[in-house]
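Presented below is the structure to which this report refers.
The values are calculated or read from the model by the stated rules, or taken from the named source; none is laboratory data. Not measured: the values here are computed from a predicted model. For accessibility, only protein heavy atoms count, side chains too; no ligands or nucleic acids. Shrake-Rupley method; radii C 1.70, N 1.55, O 1.52, S 1.80 Å.
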Amino acid sequence: QVQLVESGGGLVQPGGSRRLSCAASGIIFSINTMGWYRQAPGKQRELVASIHPGGRTNYADSVNGRFTISRDNGKNTVYLQMNKLKPADTAVYYCNSFPARSTYWGQGTQVTVSS
C-alpha cells in the first residue's frame, strides 16, 4: 500500500521561507518521478514542481526561481524549499508521483502566507 505523508506546512509571512517534506512508502521511490502539487481554495489542483529519478527538475512558471524541489532516494523523501513566499502561494500542498496517481494522494500540508 502506497503512503505519502506531507509535512512542514504552517503560517508564514510574505517574503518568508518554508521547507516541505514528503515521506514515501510502499513504492520503489528511486525509480519514480515525483511531484509537488497544490490546491488553493476554489481552484483546481496544479503541479508546482517535479523531479526525475536522475535529478532533472521542472517548475511551474509561477514558482520558478523561488521554489526548489529535491529528493533523497536513501530516505524515500522529496522536499520542496519555498522562498520569497507570496499570499498567492497559500494552498494545501501535496506530493505524488508524476504523472499523479489517484490512489497516491495523501492529506497534504497547509501553507498559509499572510501577515
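In plain terms, the chain from Thr57 to Lys43 could stretch by 2.6 nm, reckoned as 0.36 nm per residue minus the Cα-Cα distance. Based on protein heavy atoms only, the chain ends up with 53 Å² per residue of surface accessible to a 1.4 Å probe. Note on Gln81 and Ser115: the extension gain reaches 10.2 nm, defined as 0.36 nm multiplied by sequence separation minus the Cα-Cα distance.
For the chain, the share of accessible area belonging to carbon and sulfur comes to 46 percent (1.4 Å probe, ligands and nucleic acids excluded).
Panel values: the chain, Kirkwood radius from alpha carbon pairs, Stokes-Einstein at 4 °C and 1.567 mPa s, translational diffusion coefficient 93 µm²/s. Extension gain for Thr103 to Arg19 (0.36 nm times residue separation, less C-alpha to C-alpha distance): 27.8 nm.
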